[in-house]
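Student: Supplied in structure tokens, the structure appears directly below.
Please treat every number below as a calculation from the coordinates, not as lab data. Source: prediction; values computed, not measured. We place every Cβ from the backbone using ideal geometry, glycine too, and count neighbours over all the protein chains shown.
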Amino acid sequence: MLDPPSFGVFNEDQTKCMIISTNDILYIDLNRRCEIDGTGEFKMGYELDIDEQESIGDILNILADEKYFYVLANKKHGILGYYLLMIEIDHPEREATYLINWTNKFNIRQVGLNFMEDENDEKELQKYLVVSYKVEGINTYNVFVIDVKTHLIRFWFESYQLYESPIKGFLLSTNDFMMLSKDGINVINVGS
């Protein structure tokens, strides 16, 4: 890694992880055997440079469930945008699935990623991904609810938020989303 790591996330049994810095994502599988430079010798531990594989940078947050790592980055091929991708935990070398792949000219910051369980249209419990961030230039705070099964945006909330002013968003156990800023507290319902 070129920069000091900012944070990391492990899978459920803590054998695989991703270590993140602003411009690097390193996937590590502690149990996988790999050959050392074609010498016929093997070592435990496998590493894969995900940012190089996906050409992403300005990595802002990561989250994991039982099957995927979810990564939100602000650059792809050096171009600003919103890039939310799913990387298979057991097969990181496969092509990533992009839930959001929008190019634009805006920086995003104060990014939050959370899982939410809620009823779908058939009244069955289902997992959703809640994504929040503030946007420079247009001064907005956005909250998305994405269906991880269909990869569709189920809900999108956007409000005015001065980019220079701090804001913090939280997903509550009631499936409400609370935003704390200098202007006060806002609560929206993101569940069904």
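Student: Name the residue from 103, 61, 91 whose Cα lies farthest towards the positive end of the charge dipole of the range 1-105, charges +1 on Cβ of Lys and Arg and -1 on Cβ of Asp and Glu.
Tutor: Projecting each Cα onto the dipole axis, the largest value belongs to 103.
Student: Further question on the same structure: I want to check the label-to-label distance for residue 153 and residue 180. Put each point 7 Å from Cα in the C-beta direction and report it in nm to one decimal.
Tutor: 2.8
Student: Using R₀ = 22 Å, calculate the FRET efficiency as 1/(1 + (r/R₀)^6) where r is the Cβ-Cβ separation of residue 66 and residue 97; round to 0.05.
Tutor: With R0 = 22 Å, the Cβ-Cβ based efficiency is 0.90.
Student: Positive end of the dipole of the chain, charges at C-beta (+1 Lys, Arg; -1 Asp, Glu), about the Cα centre: which of 82, 4, 152 has its Cα farthest in that direction?
Tutor: 82
Student: Moving to a separate point now. Return P(r) of the range 107-192 (all Cα-Cα pairs; 10 Å bins starting at 0; whole %; ordered from short to long distances).
Tutor: All Cα pairs considered, the percentages come to 18, 50, 25, 7, 0.
Student: Right, next: Which ordering of 51, 90, 58 is given by a fewest-first count of other beta-carbon atoms within 10 Å?
Tutor: Ordered by Cβ neighbours within 10 Å, fewest first: 90, 58, 51.
Student: Using 0.36 nm times the number of residues separating residue 173 and residue 124, minus their current alpha carbon distance, what extension gain do you get?
Tutor: So the chain would gain 15.9 nm between residue 173 and residue 124.
Student: Let me ask something additional. Write down, largest first, the equivalent ellipsoid semi-axes of the range 1-105 in whole Å, where each equals the square root of 5 times an eigenvalue of the alpha-carbon gyration tensor.
Tutor: Values for the range 1-105, descending: 25, 15, 12 Å.
Student: Straight-line reach only, C-alpha to C-alpha below 27 angstrom: list the lysines that residue 182 could link to, leaving out same-chain residues fewer than 8 apart.
Tutor: 105, 134, 168
Student: Taking the Cα of residue 6, stepping 7 Å toward and past its beta carbon, and measuring to each backbone N in the range 149-192: which are under 18 Å?
Tutor: 163-170
Student: Report which label in [x] 26.2, 93; [y] 18.0, 63; [z] 18.7, 60 holds the value of Rg and Dmax of the Cα atoms in Å derived from the coordinates of this structure.
Tutor: [y]
Student: May I pose another question? Which length gain, in nm to one decimal place, applies between residue 14 and residue 164 when the Cα-Cα distance is subtracted from 0.36 nm times their residue separation?
Tutor: Result for the pair: 50.3 nm of gain on full extension.
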